[in-house]
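Comments concern the structure below.
The values are calculated or read from the model by the stated rules, or taken from the named source; none is laboratory data. What you see is a predicted model, and the numbers here were worked out from it, not measured in a lab. Heads up, the Cβs are rebuilt from the backbone with ideal geometry, glycines too, and the neighbour counts pull from every protein chain shown. Accessible surface is based on the protein model in full, side chains and every heavy atom, while ligands, DNA and RNA are left aside. Shrake-Rupley method; radii C 1.70, N 1.55, O 1.52, S 1.80 Å.
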Amino acid sequence: MRIRKQLTGIPAAPGLAKGSIVTISNQNITIPDYPIEDTESEIFRFVSARAAAKDDISAFKEKVKSETDSNEAEIFEAHMMFLDDDSLISLAEQEIVAGKNAESAWMKAVDFFAKQLEAIPDPMFASRAMDVRDVGQRVVRHMMGLNQEVTKLTRPVIVTGRDLTPSDTVSLDKRMVLAFVTAEGGPTSHTAILAKAFGLPAVVGLGEALMTVEEDAYMLVDGNSGVVVVNPSDDEIAVFSDRQRAANEALHAALAVAFEPALTKDGMAVEVVANIGGNDDAIFAHENGAEGVGLFRTEFLYLDRNSLPTEEEQVKAYTQIFSHFKGQPVVVRTLDIGGDKEIPYMNFPKELNPFLGWRGVRMLDGREDIFREQIRSLLRAGVGVDLRIMVPMIAVDEEVHAVRKILNEERDKLINDGLPYAEKVQFGIMVEVPSAAIMADRLANGVDFFSIGTNDLTQYTLAVDRTNSQVAHLASAFNPAVLYLIDRTIKCAHEKGRWVGLCGEFAGEPLAVPILLGLGLDEFSMSPARVPVIKQIIRKLDMQTCKVIAQKALLAVTPEEVKEIVRKSYLELGISV
């Protein structure tokens, strides 16, 4: 008799799935180790294997591009970079010249680099180490004439494993994958990123208990809550099936009216916009009824290249994306690198805690030239656009004034150069550092709007690394401490006549909608796929009810208590999510 288990992990991609499981285990290859004399032939084998691996990875990248509306194919650009990394290649070739066979030399170099990355106390580098090992295995398989391992799925299943490499995830037939479930990983792991891109539910960070689940066990996966039930009862399966059916019906109903405005039952208009990271996202957002852009991440322009983009390249890219949102607001976040986003050609200093280091607005101290060129490019591309420029990682008032000064100076330069520019531009800041929320009453004097970034605001407020699977469950924006900072930010902004948006994942969370409405949030910005659903929920609520819910939430003690307040209200209102 199979034993029922309930496991709780980190919700990594929303949705519900049920079915039997297939476990993918990464088997290590036994690497041959022997002396060689013909170093030229061995180096030729090494070069040929790297070229074959590049072909594989290029195919993976194209597969992701063809199967998703997102820009997650960029994961495989990192794999390409490792294959071309001079230091990695040089170390392997040195070993070959010293008399080692290519397989042994290459994997020694891979292991050396991976261990260096794993030694850095930052989950981002741990995922990079996985990338290096994934690429290493691919190259060595080509050297040894082995088939690249691809799990063949013959029926729809839930895919489980300790952790899944990008190659594992992408090589699977998505028509046969119901969900991804892993023992390790966090909300920014490759499994999470690709699951969202493919529109599949995912739960990660379930721990060792997942690895004891028997092959072909039946599983219920809730990607919204992070709860996984192994070998559920028939009654549980029936209730879960009803939830799935209701969720599908609600999604289809929301899509049917996606382009209608988000009006509460008592006539309050709410702006629902999208977070985008490139042209594909812009198209997807437009197709899903987004009323503009609340967060345009500009980092894509600086990635996958060996030098900074020129001003003309930036103007061209911004103009293309702006063209999808004529007459609609577009909030552009200036470059936010550092932290979990690193650009090799910029030679970032190694930092033990890059999330709290030289990133966002802090790069004005040392690389003001990059910031100025981006501002100038945005002003040029923003002619005729409802352009709103915001700056990340603002912590103190001096930073607001420094950025405002640069914005004015670059606008004056364009006037002197006789170039057209966006004459009406709103200037705002991201509220993601707790000090910005605490000092919102003073910061509001120097800006036109605030945009609350709940992902970082939550981890900074609670001192929780949201990429660390051991503690990520603590990083909940439903925590009353985070809600207090959101409430303060909105109140301070409204007192000064400023508007407030929220562009963290919290804006696309159904249970957060009445709280944020009740606190007076002006703009909800989220993943394009969530836009129709959140619009539909807003239409079922009235402001007075939302204000009551919000006040109860602020008085709660725990995140779960906050969620239960909303669930109870939804039940009374007949709203299912």
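A few points about this structure:
- Among (1) open to solvent by less than 30 Å² (accessible area, probe 1.4 Å); (2) more than 29 Å from residue 427 (Cβ to Cβ), the one test that residue 551 misses: (1)
- Selected residue (only one of 390, 363 is closer than 21 Å to residue 426 by Cβ, touching a residue at least 12 places away in the same chain (Cβ under 8 Å) and aliphatic (A, V, I, L, M)): 390
- Enumeration of residues in region 10-54 that are in contact with a Leu (Cβ under 7 Å, 6 or more places away or on another chain), not small (Gly, Ala, Ser) and not in a loop (DSSP other than H, G, I, E, B): 18, 22, 50, 54
- Residues in region 471-515 that are crowded, with 22+ Cβ neighbours inside 10 Å and part of a strand (DSSP E or B): 500, 501, 502.
- Output for region 418-448, where each listed residue is part of a helix (DSSP H, G or I) and either open to solvent by 60 Å² or more (accessible area, probe 1.4 Å) or touching an Asp or Glu at 6+ places or on another chain (Cβ under 9 Å) (or both): 438, 441, 442, 443, 444, 445, 446
- Some residue of region 167-179 being open to solvent by less than 20 Å² (accessible area, probe 1.4 Å), more than 29 Å from residue 247 (Cα to Cα) and part of a loop (DSSP other than H, G, I, E, B): no
- Matching residues in region 180-198 - criterion: being within 22 Å of residue 80 (Cβ to Cβ), polar (S, T, N, Q) and either buried (at least 23 other Cβ atoms within 10 Å of the Cβ) or in contact with a Pro (Cβ under 7 Å, 6 or more places away or on another chain) (or both): 189, 191
- One residue stands out in region 352-378 among those that are closer than 27 Å to residue 442 by Cβ, open to solvent by less than 60 Å² (accessible area, probe 1.4 Å) and at pLDDT 85 or above: the one that is nearest to the chain's Cα centre (by Cα), namely 361.
- One residue stands out among those in region 516-527 that are out of contact with any Gly (no Cβ under 9 Å at 6 or more places or on another chain) and open to solvent by 10 Å² or more (accessible area, probe 1.4 Å): the one that is farthest from residue 447 (Cα to Cα), which is 518.
- Of all residues in region 531-547, those satisfying the criterion of being touching a residue at least 60 places away in the same chain (Cβ under 8 Å), assigned to a helix (DSSP H, G or I) and out of contact with any strand residue (DSSP E or B) (no Cβ under 8 Å at 6 or more places or on another chain) are 532, 533, 536, 543, 544, 546.
- Selection from region 535-545 of residues that are in contact with a Pro (Cβ under 7 Å, 6 or more places away or on another chain) and closer than 15 Å to residue 507 by Cα: 537
- Residues in region 277-306 that are at pLDDT 85 or above, open to solvent by 10 Å² or more (accessible area, probe 1.4 Å) and not in a helix (DSSP H, G or I): 288, 291, 297.
- Exclusive hit being hydrophobic (A, V, I, L, M, F, W, C), closer than 16 Å to residue 446 by Cβ and open to solvent by 50 Å² or more (accessible area, probe 1.4 Å), set 403, 383, 396: 396
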